[in-house]
Every structure is written in structure tokens, then in C-alpha cells.
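First comes the structure, then the notes that go with it.
Nothing in this text is a laboratory measurement; each read-out follows from the coordinates by a stated rule. All values reported here derive from a predicted model rather than from experimental measurement. When we count neighbours, we look across all protein chains shown, and the Cβ atoms used for this are built from the backbone with ideal geometry, even at glycine.
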Amino acid sequence: MKKTTVLDIARMKAEKRKVVMITAYDALFAKIFDEVGVDVILVGDSLGQVVLGLPNTLGVTMEDMLRHTGAVARGRRRAYLVADMPFLSFQTGPGDAIRNAGRLLQAGAEAVKLEGGRNVEATIRAIVSCDIPVMGHVGLTPQSVHRMGGYRVQGKTDAQRERLLDDARAVQEAGAFAVVLEGMPADLAAAITEALEIPTIGIGAGPRCDGQVLVMQDLLGLFDEFRPKFVKRFGELKGPVQDAVRAYADEVREGKFPGREHSF
């Protein structure tokens, strides 16, 4: 399979081909997902919860993102690689945003994703002006968890709907090549998808987006701290992993492992 580029992602909307995006945080899983043929791998700041054990994404640092982006980049060959810009890596001004986006590209990313709509339009323009592709993210934005009062569905009122549609248009006008729509009613996500020329990638935004993204630990059934309604668990791997480790522990304690076939 040929290398996926930003141009391929942009064309998929016109060709009515769904964009398949999944998160990864290390080289091993990046290689597995790449071999399956996903279109985009996202190094998400969701690593705060599913890898680092943090309560939310706000504690994820640039150093965290750089380390995990580099690992994923070394594991994948074909999929397009997007890295999240963590909290305070772009909110402090265009200069910092450009510098930090550039660092993520130097670590191996091919594009960056940042949260916000009209409020980050100038920041997106500044990053794009430096030839760094940007993916937007509107709706439920996890870095705004405290302002939103938790992880709540956005766009329920007419005023909120208009604001989110305006946010999505602003992201497109600023030069983003795609936008994630998170945590909003399906009909609103469909309206935004129809209004935009760039692809929309949904997570908790219904089936009529141009693509979908899920956190790998959610879809593999490995993460049980909370289960969002929008997540479908395509596998239940936590049990088999526990069974394998339990069998290993039993054999070690019983003196069965290592046996002669595992010894030099």
C-alpha cells in the first residue's frame, strides 16, 4: 500500500471514502494498525488518561507528546500521522504555537491537531503559513473540560449549534485540511459535514461524518475507567491479557516456567 498523504485525506471527502483514524502511543501498536491499513494514526493527548493515568488531558506536556510521537513515527510506514498539540502549547500565542507544532513535525508527525474554533483561527493561520498541516477539533474539546463543566455533549441549543457551525467554518477558513467533530448531536455533525469542503472526522458525532476516530484502548476493550456512550468495543482484550499474565504468574510460582525448552 502506498504512503497516505494530506492530499489523499483531503480527496477522500469528494470521493465519498470514509476516513479511518485511530489513536496510537507506541511503535508496536502503530505498526499493527499500519499493517491493517488505517488511513490516519493520531498520537492523542488522550494518552494522559489511557497511558499516564492522569484524570484528564491537561497534565500532558510537550515532552510527553514528543516522546510518544517519535515512537509512533518509528512504528508506522504508510498511515498519515497526526499529533495533538497539548494544553498550553498553542494558547500562549502564535509564536509558541508555530514553534511547538514544528517540534512535533521534527519528532515525526506529518500534521498537528489543536482544539478550538473561532478563538484559534489566527493560530491555525499562523501554523499553516509555515507549511505545517493542521487538523481542527470542535465541539466537545477535552482541554476545555473545566469551562464545559465536564465531558458534556455540545450543540444542544440553537445558539450552541450556530456557534459550533461558525467554529467549524472558521477552522476551514483558517486553512485546516480536516476537522474532528466531537460530542455533538448527529444531525448537527451532519449539517457541519455538508457545509464544509474539508473532511470531518467524528467521535461521538454520529454516522454522517466523513470519517471516524476512536481511542485504541476503548475499541480494544482495554480501558474500563469510564465507557462513553459513543464507543463501540470491537474487541474485549482485557480478559485475554489478564488470563495470559495469570497463567505466567501461576507457572512461575509453581516452578513450571522456565522449563528445559526455555533454558540455555
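Computed values, structure above
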| quantity | calculated |
| --- | --- |
| Under 5 Å, built H, 5+ apart or other chain: amide partners of Leu140 | Gln154, Glu182, Gly183 |
| Highest-fluctuation residue, Leu219, Leu66, Leu81 considered, GNM on the chain with Cα pairs under 10 Å | Leu219 |
| When each of Lys31/Lys238; Lys113/Lys156; Lys3/Lys238; Lys113/Lys238; Lys16/Lys229 is checked by Cα-Cα distance, pairs over 22 Å | Lys113/Lys156; Lys3/Lys238; Lys113/Lys238; Lys16/Lys229 |
| Using alpha-carbon coordinates, inclination of helix 158-174 to the longest axis of the chain, degrees | 90 degrees |
| Once exposed loop GluC sites (Glu not before Pro) are cut out (DSSP; at most 15 other Cβ, 10 Å), longest piece of the chain | 16-196 |
| Summed residue charge, Cβ within 15 Å of Gln217's Cβ, Lys/Arg positive, Asp/Glu negative | -2 |
| On Cα atoms only, tilt of 62-75 relative to the major axis of the chain in degrees | 70 degrees |
| Most mobile of Gly70, Gly108, Gly93 in a GNM of the chain (Cα contacts under 10 Å) | Gly93 |
| Which of Ala111, Ile124, His137, positive extreme of dipole for the stretch 108-178 (C-beta unit charges) | His137 |
| For Asp96, Asp210, Asp45, order by how many other beta-carbon atoms lie within 10 Å, fewest first | Asp96, Asp210, Asp45 |
| Hits among aspartates and glutamates - C-alpha to C-alpha of Lys232 under 20 Å, sequence gap 8 or more where chains match | Asp39, Glu182, Asp187, Asp210, Asp218, Asp224 |
| Nearest-20 debye value, the chain charge dipole, Cβ charges on Lys, Arg, Asp, Glu | 320 debye |
| Nonlocal amide H pairs with Tyr25, under 5 Å, H built at 1.01 Å | Ala30 |
| Antiparallel bridge percentage (DSSP; both residues within the stretch 6-233; nearest 5) | 5 percent |
| Karplus (6.51, -1.76, 1.60) ³J(HN,Hα), θ = phi - 60°, over the stretch 81-96, in Hz, Gly and Pro reported as x | 10, 10, 10, 5, 8, x, 3, 6, 8, 9, 6, 8, x, x, x, 4 |
| Two-decimal Rg/Rh across the chain, once Rg and the Kirkwood Rh are taken from alpha-carbon atoms | 1.02 |
| Within-9-Å neighbourhood charge of Ala30 [Cβ basis; K, R +1; D, E -1] | +1 |
| GNM top mover of Gly204, Gly102, Gly53 - the chain, alpha-carbon springs below 10 Å | Gly53 |
| Other-chain or far-sequence residues with amide H under 5 Å of Val19's (modelled H) | Gly211, Gln212 |
